[in-house]
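Presented below is the structure to which this report refers.
The values are calculated or read from the model by the stated rules, or taken from the named source; none is laboratory data. Quick caveat: nothing in here was measured; it's all calculated off a predicted structure. Here the Cβ positions follow ideal geometry from the backbone for every residue, glycine too, while neighbour counts run over all protein chains shown. When the accessible area is computed, the model is the full protein with side chains, heavy atoms only, and any ligands, DNA or RNA have been set aside. Shrake-Rupley method; radii C 1.70, N 1.55, O 1.52, S 1.80 Å.
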Amino acid sequence: QVQLVESGGGLVQAGGSLRLSCAASGRAFSSYGMGWFRQAPGKEREIVAAVSWSGGTTYYADSVKGRFTISRDNAKNTVYLQMINLKPEDTAVYYCAAARSYGVFTIVDAYDYWGQGTQVTVSS
């Protein structure tokens, strides 16, 4: 069993930056593909970014390319999402997720463990 705890969300003005962190329990973190998703009110949960077990392969949704960066530190069992040039449409609850496999995954059903989420609100 893996527990994921997100932190770093908050309220920021448009154009600002935030860094989300996701701390994972368990010894197998380095073998998991990790992802960040978000869900805005009334909308489906969508992929934001994903990273392979080694950090060598990443994926970004078109809406965040060039603004968000996903990374991981396997020694610290932590995955990060650096967000710059935030826009009001980035407002959502952001979730960290872990997949029991080495690759990069972009769909909700590929992930086995989920955090509770952290709210990101971007004001205009």
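Mind listing the phi-derived Karplus ³J(HN,Hα) values for segment 19-32, rounded to whole Hz, using 6.51, -1.76 and 1.60 with θ = phi - 60°, and x for any glycine or proline?
Along segment 19-32, the couplings run 10, 8, 10, 9, 9, 10, 8, x, 7, 8, 3, 5, 9, 9 Hz.
Which of the listed residues, L4, L18, A75, is farthest toward the dipole's positive end in the chain, when Lys, Arg count +1 and Asp, Glu count -1 at the beta-carbon?
The listed residue farthest towards the positive side: A75.
Counting only heavy atoms of the protein chains, get the accessible area per residue of the chain (1.4 Å probe) and round it to a whole Å² value.
Accessible surface, normalised per residue, equals 51 Å².
About the Cα centre of the chain, what is the dipole size in debye to 20, counting +1 per Lys and Arg Cβ and -1 per Asp and Glu Cβ, all else neutral?
240
Just subtract the alpha-carbon distance of Q39 and S124 from 0.36 nm times their residue separation and send over the number in nm, one decimal.
In short, 28.7 nm is gained.
When we measure straight from the Cα of K87, which lysines land under 29 angstrom away, once same-chain ones fewer than 8 places off are left out?
Excluding near neighbours in sequence, the set is K43, K65.
Can you work out ³J(HN,Hα) from phi for every residue in segment 55-72, in order, using Karplus 6.51 cos²θ - 1.76 cosθ + 1.60 and θ = phi - 60°, giving whole Hz and x for Gly and Pro?
x, x, 10, 10, 9, 9, 5, 4, 5, 10, 4, x, 10, 10, 9, 9, 8, 9
Arranged from highest to lowest average of other beta-carbon atoms within 10 Å per residue, in what order do the peptides 68-76, 30-38 appear?
30-38, 68-76
Between A23 and K87, take the C-beta separation as r, use R0 = 25 Å, and let me know the FRET efficiency to the nearest 0.05.
Numbers: r = 27 Å, r/R0 = 1.07.
The value I calculate is 0.40.
Could you let me know the centre-to-centre spacing of segment 36-74 and segment 78-124, using Cα atoms, in angstrom?
Centre-to-centre (Cα) distance: 6 Å.
Using a 7 Å offset from Cα along Cα-Cβ at V108, what residues in segment 1-40 end up with backbone N under 12 Å from the label point?
Zone members listed by number: 37-40.
Computed over the Cα atoms of segment 1-51, what is the convex hull's projected area averaged over all directions, in nm²?
Approximately 4.8 nm², given one-decimal rounding.
Would you work out what percent of the accessible area of the chain, with all protein chains in place, is carbon or sulfur (probe 1.4 Å)?
Whole-percent figure for carbon plus sulfur exposure: 46.
Could you go through segment 78-93 in sequence order and give the Karplus-derived ³J(HN,Hα) for each residue, using 6.51 cos²θ - 1.76 cosθ + 1.60 with θ = phi - 60°, rounded to whole Hz, and x for Gly and Pro?
Here the 3J(HN,Hα) series is 9, 10, 10, 9, 8, 10, 10, 6, 5, 10, x, 6, 7, 4, 4, 8 Hz.
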